[in-house]
1. Out of the total accessible area of the chain (probe 1.4 Å, heavy atoms of protein only), what percent is carbon and sulfur?
2. From the Cα gyration tensor of the stretch 1-49, with a ≥ b ≥ c the square roots of its eigenvalues, which class applies: rounded if a/c is under 1.5, or else prolate if a/b is larger than b/c, or else oblate?
3. Dipole size in debye (nearest 20) for the stretch 1-52 around its Cα centre, Lys and Arg Cβ +1, Asp and Glu Cβ -1?
4. Working from the alpha-carbon coordinates of the chain, get Rg over Rh, Rh being the Kirkwood radius.
5. Hey, with R₀ at 30 Å, roughly what FRET efficiency would Tyr44 and Trp19 work out to, going by the Cβ-Cβ distance, to 0.05?
6. For the chain, what is the number of Lys pairs with C-alpha distance below 25 angstrom, counting only pairs 8 or more positions apart or on separate chains?
7. Could you tell me which residue out of Gly9, Thr47, Asn80 lies farthest along the dipole of the stretch 1-85 toward its positive end? Charges go on the beta carbon: Lys and Arg +1, Asp and Glu -1, centred on the Cα centre.
8. May I ask you to give the solvent-accessible area per residue for the chain, in square angstrom, as obtained with a 1.4 angstrom probe?
Amino acid sequence: GGLCGVRFGSKEMKEFKDWEVAVMYRELQKDAWLGVFPDLDFVYGLTDAHGFEVCVKYGVYKDIHLSLDYYSASLCGKSNNSLIQADIVSKF
């Protein structure tokens, strides 16, 4: 299995108008990892999958940011799965 990507923007999302963009490609071959550890958002946590993740974060207020994640993955080369996830994160 492997993961590679790039990340631009603020290291810590603490202030208004802080931003971050990340693009990652991952491949997790069958039986490469224990089934309880893979990211559940990426093809439901299954192995033998590969695909992309794009994450965009934007600071909407001090210590509050909005995050949008897009996952596009293929399981066993058979089908494409897509997922869009939105989060509002508050740190205190």
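1. With neighbouring chains kept in place, the figure for the chain is 61 percent.
2. prolate
3. Value, rounded to 20: 140 debye.
4. 1.05
5. My answer for the efficiency is 0.55.
6. Close lysine pairs under the 25 Å cut-off: 12.
7. Gly9
8. 71 Å²
The values are calculated or read from the model by the stated rules, or taken from the named source; none is laboratory data. Treat the numbers as computed from the prediction; the structure is a model and nothing was measured. When we count neighbours, we look across all protein chains shown, and the Cβ atoms used for this are built from the backbone with ideal geometry, even at glycine. When the accessible area is computed, the model is the full protein with side chains, heavy atoms only, and any ligands, DNA or RNA have been set aside. Shrake-Rupley method; radii C 1.70, N 1.55, O 1.52, S 1.80 Å.
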